[in-house]
């Protein structure tokens, strides 16, 4: 666990109050851009307290390095939460119909590996958002383009949301 991960453990109690509305706004944009069926499985990489489950009606797996953020998630039967890292997703290849990562990619310790792992476990569409003010945005864009076809780039207040398809 590095300093970024410790930071999220430290702010876990206030995270929902600070970030819930902005995260839900991005998740709505993703939901409206990708058709999701109840039979689909969706992986949320860097899920935090898993706001995803509020908007997506399908089987959801969430992974996040912060145990304290995961503990803030509502417990629902169709949701599985795992403590782990984007760079080493503990799932088989082509395991999820949909993979998303909302405002987490710029925090990956190894962006190239994290995006490669997202591509590895995705069967179908993916969505990755990145802070526009991140100094890592050009790296994120380059790595996304290595693994996916970019269908749309949606500029949201603070993020660019990439709607993606596997090659």
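What follows draws every value from the coordinates through simple rules; no lab data is involved. Predicted model only: the values in this text are computed from it and were never measured. Cβ: placed from backbone, ideal geometry, glycine included. Neighbour counts: every protein chain shown.
Side notes on the structure shown:
- Shape of segment 111-167, Cα gyration tensor, a/c cut at 1.5: oblate
- Simple spin-label estimate for residue 72 and residue 57 in nanometres, 7 Å along Cα-Cβ: 2.8 nm
- Between residue 156 and residue 39, the simple spin-label model (points 7 angstrom out along Cα→Cβ) gives 2.9 nm.
- Judged by the mean number of other Cβ atoms found within 10 Å, the most tightly packed of the peptides 132-138, 38-44 leads the ranking 38-44, 132-138.
- Radius of gyration (Cα atoms) of segment 39-99, expressed as a multiple of 2.2 N^0.38 Å: 1.02.
- Peptides 145-152, 46-53 ordered by average Cβ neighbours within 10 Å, highest first: 46-53, 145-152
- Segment residue 20-residue 142, extension gain: residue separation times 0.36 nm, minus the distance between their alpha carbons: 41.1 nm
- Tensor-based shape of the chain (alpha-carbon gyration tensor, a/c under 1.5 rounded, otherwise prolate or oblate): rounded
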